[in-house]
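Below is one structure, written out as structure tokens, with a few remarks after it.
The values are calculated or read from the model by the stated rules, or taken from the named source; none is laboratory data. Remember, it's a predicted structure, so these values are computed and weren't measured experimentally. Note that each Cβ is placed from the backbone with ideal geometry, even for glycine, and that neighbours are counted across all protein chains shown. These area figures cover heavy atoms from the full protein model, side chains too; ligands, DNA and RNA do not enter into them. Shrake-Rupley method; radii C 1.70, N 1.55, O 1.52, S 1.80 Å.
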Amino acid sequence: MNPILGHSDTIGPEVVRRIAGGDVAAFEQLYDAFSGVLYSLGVRMLERKEDVEELLVEVFGKIWKEAERYDPRRGSPLAWAIAMTRQSAIERIRKINRRLHVKKVERDEATGERAFTVKEPDKNAPLKQDPLKGLPEDVREIIDLAYFGGLLQSQIAERLALPLTTVKSRMHRAMMQLRQNLRDFTI
Amino acid sequence: MSPEQSEEYAALYALGGLEGAEKRAFEQELSKNAVTAAMVAEFEKASSLLLTTLPKLTPPPSLKSRVLQGVQDKPVVVAEPTKKFELSPTWIAWGVAAAVAIFCIVQMASKTHLTNANTRLAEESKSLQVRIAGLQAERERMETRMNTLESERKSIDSRMASMEPPKDPLKSIQSFRLAPQGPVQPDTEVIATWDSERQEGVLNLARLPIPPPDRSYQLWIITPDSPQPVDAGLIVSETARLEFKAPFPLKLTALAISLEPKGGSPAPTTVVYVGKL
């Protein structure tokens, strides 16, 4: 079982339908299943615990209020909640103009090497599978900036001093790889 | 948009990388293309794999209370990011003006909504009334039809009750033999059949002696409805079968054959055969 997603995938569309009908018990069930993974995502994107808590209050509030708008054809409830959390986190990041999850990209004038580092997973996390296996580090950087940093492709191009087309192609390549690896993981 | 383009844009969109005109164009495509929407969903699911790179964290228990409190007590208010904000008189004035404007807009929207709802309800009510009237008319028609059928049933019952049972056509028919009155040929046989319903009969004669040339056989009906025997006709000698009718409605009690002068008599003189019914 995936160490972070855990039992989150046990929440099916019927739970969301119950929530849409005002079932607080169903909502609590969803909270218990999703709060860990969404909290981890929030911390990765916003870092400050206070901001993350506000983010989750907002996201779960949206889930409660907008449950009837959930369309199972567009993905699982977990994918829906993750997309909602990312979107809200990105809006917060853009609003307060912060990028706390990645260190500022700087070039070492002396070595010419990039000082940018992607935040590494917690060493205590028992993760054994790499969803981006087979991808070079520069592609991973782009994915990390886009997914967790909420940067647009033009912002990534500017930050990494790369042509926009290069950013696009690398993002596309990474997503194709992720999709290929999806079959090996349990979401 | 080609399939390859759709796939590329779906991947970038799921990652949150699209922007500007490209994003708007793709969202337009997304809204009308289920295949593209499914592609985005797949990429979003795939991108969730990135969460596996994160350390597993547990939110503080107080967060659940906050979330549930907001859900149970009031609509959840989306909180702004942590930011200090000082209220100035100008902001207060703008705030009040905005609140008044929002109030007016809400009132107008509410009124419009209520008006539309009223109109819709009135139309529905009118439609239902027409429907009810139609059903009521139908019910009345059905009741009338049922009453008619009930009357017809009663009429048929009445007619059936008043109808006589079928008659036995043979019930009114009786046969009897006429016996000779004096010495006659031993093998002579005279049998009569009488239908009291139809007031007619048949006389079967076998080997009746030929009368003298100046004489004739004559048939008579004996009935209480007449003081004298009623003439039923002459019997010619060659006749083996004689059909006869009562000249008027009567109750036949007997038949008689007499030997009369040629041409017959108004009353029997010499009776040669008699048979009682």
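Table for the structure above
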quantity	calculated
Failed condition for B:MET1, given (1) of a type in the set (A, V, I, L, M); (2) over 21 Å from A:LEU182 (Cβ atoms); (3) open to solvent by less than 70 Å² (accessible area, probe 1.4 Å)	(3)
Any hit, region B:114-121, residues being at pLDDT 85 or above and either assigned to a helix (DSSP H, G or I) or open to solvent by less than 70 Å² (accessible area, probe 1.4 Å) (or both)	yes
Region A:40-99: number of residues that are of a type in the set (Gly, Ala, Ser) and within 21 Å of A:LEU151 (Cα to Cα)	7
Enumerated strands (runs of 3 or more DSSP E) restricted to region B:189-248, each holding at least 3 residues that are within 14 Å of B:LEU277 (Cα to Cα)	B:189-195, B:200-206, B:215-222
Helices (runs of 4 or more DSSP H) (entirely within region B:1-72) containing at least 3 residues that are within 7 Å of chain A (Cβ to nearest Cβ)	B:3-15, B:34-47
Per-region count, region B:27-54, residues open to solvent by less than 10 Å² (accessible area, probe 1.4 Å) and more than 60 Å from the chain's Cα centre (by Cα)	9
Breaking point among (1) touching a residue at least 60 places away in the same chain (Cβ under 8 Å); (2) of a type outside the set (Phe, Trp, Tyr); (3) open to solvent by less than 60 Å² (accessible area, probe 1.4 Å), for B:SER226	(1)
Within region A:132-183, helices (runs of 4 or more DSSP H) holding 2 or more residues that are at the interface with chain B (Cβ under 10 Å from one of its Cβ atoms) and open to solvent by 60 Å² or more (accessible area, probe 1.4 Å)	A:164-182
Qualifying residues in region A:40-52 (those that are in a helix (DSSP H, G or I), open to solvent by 10 Å² or more (accessible area, probe 1.4 Å) and closer than 21 Å to B:LEU50 by Cα) - the one farthest from the other protein chains (Cβ to nearest Cβ)	A:LYS49
Filter result (part of a helix (DSSP H, G or I) and open to solvent by less than 100 Å² (accessible area, probe 1.4 Å)) within region B:148-170	B:THR148, B:LEU149, B:GLU150, B:SER151, B:GLU152, B:SER155, B:ILE156, B:ASP157, B:SER158, B:ALA161, B:SER162
For B:ARG177: the one exception among (1) within 19 Å of B:LEU234 (Cα to Cα); (2) loosely packed, with under 10 Cβ neighbours inside 10 Å	(2)
Residues being surrounded by 13 or more Cβ atoms within 10 Å (Cβ to Cβ), part of a loop (DSSP other than H, G, I, E, B) and of a type in the set (D, E, K, R) - total across region B:252-277	0
